[in-house]
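Worksheet: the structure to be examined is printed underneath.
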Amino acid sequence: VSAPGGHALLLDRGNLKRRNRVNRAIEVASTIAALLAVAVLLLVVGSVLLKGLGALSIHFLTTPTGLFGDTSGGISNAIVGSAIMVGLAALMAIPVGLLVAIYTTEFAGPRFGHAVRFVLDILNGVPTIITGIFVFGLMVEGNKQSGFAASVALAIIMLPIVARTAQEVLALVPANLKEAAHALGIARWRSTVRITVPTAAGGLITGALLAVARVAGETAPLILLSSIYGQGVLTEPGEALASIPIFIFQSSESPSPEAHTQAWAAALILIAFVLVLNVVARAFYARSRKRLGA
Amino acid sequence: LEAGALSNPVLRARRNLTDRIGDPLLRGLSGLAAALAVAAIVGIVYEVIHIAWPAISAFGIGFVTTNDWNPVTENFGAAPFLYGTVVTSAIALLFAAPISIAISIYLTELAPSRLRRPVATLVDMLAAIPTVILGLWGILVLGPFMHDTIEPALQSVLGFLPIFSGDPSAFGYLTAAVILTIMVTPIITSVTREVFETVPGDLKEGAYALGATRWEMVREVVLPYSRAGIVGASILGLGRAIGEAIAVAQVIGGATAINVSLFHTGGTMAAQIASQFQGAPGALQKPSLAYLGLILLVFAVVVNVIARLIVQRGKLKDTDATLTEAEAL
């Protein structure tokens, strides 16, 4: 659909003039809105780049955070802690999420499948701070904070993202592939594992990557579950672990400009990780959709 | 199909061992996973009520309307935070919904075709920025800008309104609302854009053939056709805004009273939990925070259910899939 109206034939006056003016105004406003969104993105990313790049150094990446108020340290403990907690969460959420999707697309009837989708959507809508309270009650209350508790919360946040994207792509797998497998007498589990899942692999990877990107920056549950940690690089998930989002949060609340500079530098690391993951996920998604002919 | 093939005992017996184990195993494992997802929801509701119980039995339903948060006298109420949550989320939606519709109009009707995908991707990227970074930006960049420029300007024009009274401040309801707007705009946009793309081309061409301008075509064809999707997307965005804890905690200032001026510091339910829960002293403060959490959870679930129902009632079968897909991307 292109060129609206017949400007060339109709004389632009009276009512038509007014209508064209309204149209023009809306077009300009829409363009400005789009520009505004892009500008805000550039502003935020630009601020992070501008203010974070200066503070970024090998020292910053390889030194653990100093004692409270000491800004001579770095974020090596936070990088390691984030990697452990997000990694554990992914190990829990990705297989379970994929299985949930397999259940709804391969085994459950339409009614029950719909109910599970509904539950996943609700779970996706639960504020992450509430998930934090849940895991706090489950694992931390009467006990102590731990990186493992945090990773359980992150896994619960990841689960609906992984499962719902997996459902969408599994549903795109051509039915005739499955029917061909069944006609050959291939068992359900074999056709699922050898045909359905590999065909949808690109889209499944997309969902997993997006879920990882989403929880890598997740802060709210970590405040309740893994925010008071010891000095140095800790790797034991039974203990509270440092993380990049908590480091940014705590530094941003500090009044000291040095702490703010450190927060920007840590934000640069996090934003780079998240955006790269998103770009890669999109590439997988585009390839997968093309392959599935959707 | 499956039942038919396997009901024959001879066929069933001749299936090899791995298949006889594999089928029920995969079915059982995946069913267990689905049960786990259901258990998570049930567990969340149970735990939040469980932790909140002392506060629920101490304050009852009156908690919702009590305009006090006093750790010294241990008298807690949700009103200041309910107010903060409603005000900040409503302002955010008021800005974000029209902006999202405008962006979607640009992306589907106006933008040159080689610009559409890159611009759409950039808008989506905005949704990927971790909220703690938006909050950091809010504290150090947006807050001072609100204090020095936006709020004085608002005051000079609309200062007679009580909501724009008092001293401009870097932290407060308005700054939080702007951060939430930035957060939810890309979420709403990704859904409305996808819905706009499903509008049949011949309907649009019909409008043009009748002499409609582009805006008239959008108003008469695209918007009515996409109404359910737009409303559903906006309500989903509202759900996100209501539940955001970190970015809001960073910029709202943490006051525990209702303030009419939007420049003033305040609090929301989610932000209050995020900033007070860890190490909350006293026998009733942590339960009271969990009680706030329970109210927040009810809000979030109701909002989500309504959004899905609207979309389904709109009979846009496609949109249900689109919602989650767009949300995730």
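The values are calculated or read from the model by the stated rules, or taken from the named source; none is laboratory data. In this text the structure is predicted, and so the values were computed from the model without any measurement. Neighbour counts run over all protein chains shown; Cβ positions are idealised from the backbone, glycine included. In case anyone asks, the SASA skips ligands and DNA or RNA and just uses the protein heavy atoms, side chains included. Shrake-Rupley method; radii C 1.70, N 1.55, O 1.52, S 1.80 Å.
The aspartates and glutamates whose alpha-carbon is closer than 17 Å to the alpha-carbon of B:LYS204, local same-chain residues fewer than 8 away aside, are A:GLU27, B:GLU109, B:GLU194, B:GLU216, B:GLU220.
Can you give the accessible area buried between chains A and B, summed over both chains, with a 1.4 Å probe, in Å² to the nearest 100? Kindly include the intermediate steps, with their values, before the conclusion.
Working: alone 16740 and 17490 Å², together 26210 Å².
Result for this pair: about 8000 Å² buried.
Which of B:ASP202, B:ASP148, B:ASP68 moves the most in a Gaussian network model of chain B with Cα springs under 10 Å? Between B:ASP202, B:ASP148, B:ASP68, it is B:ASP202 that shows the largest mean-square fluctuation.
Order the peptides B:171-184, A:221-234 from the highest to the lowest mean number of other Cβ atoms within 10 Å of their residues. Don't skip to the end; give the middle numbers.
Values: B:171-184: 26.6, A:221-234: 20.8.
For the peptides B:171-184, A:221-234, the packing ranking is B:171-184, A:221-234.
Computed across region B:194-289, the Kirkwood hydrodynamic radius from all distinct Cα-Cα pairs reaches 17.2 Å. The distance linking region B:62-129 with region B:167-191 is 6 Å (Cα centroid to Cα centroid, whole angstrom).
Considering the convex hull of the alpha carbon atoms of chain A, report its projected area averaged over all viewing directions, in nm², one decimal.
Working: hull surface 93.6 nm².
Reported value for the Cα convex hull: 23.4 nm².
Computing Rg and the Kirkwood Rh from the Cα coordinates of region B:130-288 gives a ratio, Rg/Rh, of 1.13.
What shape does chain B have by the C-alpha gyration tensor, where a ≥ b ≥ c are the square roots of the eigenvalues, rounded means a/c under 1.5, and otherwise prolate means a/b greater than b/c and oblate the rest?
On the way: a/c = 2.47, a/b = 1.18, b/c = 2.09.
Because a/c hits 1.5 or more and a/b fails to exceed b/c, chain B counts as oblate.
For the protein assembly as shown, report the accessible area per residue in Å² (1.4 Å probe, heavy atoms, rounded to an integer).
Details: 26210 Å² over 623 residues.
The answer is 42 Å² per residue.
In a simple Cβ point-charge model (Lys, Arg +1; Asp, Glu -1; nothing else charged), the protein assembly as shown has a dipole of about 2280 debye relative to its Cα centre. Take each residue in A:70-81, count the other chain C-beta atoms within 10 Å of its C-beta, and the mean is 0.
Across region B:204-210, rounded Karplus estimates of 3J(HN,Hα) from the backbone phi angles (6.51 cos²θ - 1.76 cosθ + 1.60, θ = phi - 60°) give 4, 5, x, 5, 4, 5, 7 Hz, Gly and Pro being marked x. Remark on B:ASN75: its backbone amide H falls under 5 Å from those of B:ASN70, a criterion applied only to residues 5 or more positions apart or on other chains, H modelled at 1.01 Å from N.
Just tell me how shielded B:87-100 is by partners: mean number of partner chain Cβ atoms within 10 Å of each residue's Cβ, no decimals. Show your work: numbers first, answer last.
Details: counts 0, 0, 0, 0, 0, 0, 0, 0, 0, 0, 0, 2, 7, 2.
Other-chain Cβ atoms within 10 Å of each residue's Cβ, averaged: 1.
At a 1.4 Å probe, what is the % contribution of carbon and sulfur to the accessible area of the protein assembly as shown? Provide the component values of the computation, followed by the final result.
Details: 17490 of 26210 Å².
Accessible surface attributable to carbon and sulfur in the protein assembly as shown totals 67 percent.
Over region A:204-246, the hull volume per residue, using the convex hull of the C-alpha atoms, is 90 Å³. Computed from point charges on the beta carbon alone (+1 for Lys and Arg, -1 for Asp and Glu), the dipole magnitude for region B:168-229 about its Cα centre is near 180 Debye. Taking B:SER113, B:SER89, B:SER100 in turn, the Gaussian network model of chain B (Cα-Cα springs below 10 Å) assigns the largest fluctuation to B:SER113. Per-residue mean of foreign Cβ neighbours for B:181-190 is 2 (Cβ atoms of other chains, 10 Å radius).
An oblate overall shape is assigned to the protein assembly as shown, the ratio a/c of its alpha-carbon gyration tensor axes (a ≥ b ≥ c) being 1.5 or greater and a/b not exceeding b/c.
With the contact rule set at Cα under 8 Å and sequence spacing of 6 or more, what percent relative contact order holds for region A:160-294?
On the way: 124 pairs, mean separation 40.6, N = 135.
Reported relative contact order: 30 percent.
Using only the heavy atoms of the protein chains and a 1.4 Å probe, how would A:MET85, A:MET139 rank by accessible area, largest first? Intermediate values should be presented prior to the final figure.
Values: A:MET85 0, A:MET139 50 Å².
Descending order: A:MET139, A:MET85.
Judged by the mean number of other Cβ atoms found within 10 Å, the most tightly packed of the peptides A:167-176, B:20-29, B:224-233 leads the ranking B:224-233, A:167-176, B:20-29. When peptides A:97-110, A:185-198, B:240-253 are sorted by average Cβ neighbour count within 10 Å, with the highest value leading, the order is B:240-253, A:97-110, A:185-198.
Per-residue 3J(HN,Hα) values for region B:231-237, derived from phi via the Karplus relation 6.51 cos²θ - 1.76 cosθ + 1.60 with θ = phi - 60°, read 5, x, 4, 5, 5, 4, x Hz in sequence order (x marks Gly and Pro). Here the Karplus curve 6.51 cos²θ - 1.76 cosθ + 1.60, taken at θ = phi - 60°, turns the phi angles of region B:216-226 into couplings of 5, 4, 4, 5, 8, 10, 5, 5, x, 5, 9 Hz, with x standing for Gly and Pro. In chain A, which helices (entire DSSP H runs) extend 24 Å or more along their own long axis, judged by Cα positions, while averaging at least -0.5 on the Kyte-Doolittle scale? For chain A, where a helix must reach 24 Å along its axis and average at least -0.5, the hits are A:15-53, A:76-102, A:147-172, A:257-292.
Once a ≥ b ≥ c are taken as the square roots of the eigenvalues of the Cα gyration tensor of region B:18-167, is the result rounded (a/c under 1.5), prolate (a/b larger than b/c) or oblate (a/b not larger than b/c)?
It comes out oblate by the Cα gyration axes.
Placing +1 on the Cβ of every Lys and Arg and -1 on the Cβ of every Asp and Glu, with nothing else charged, gives chain B a dipole about its Cα centre of roughly 940 debye.
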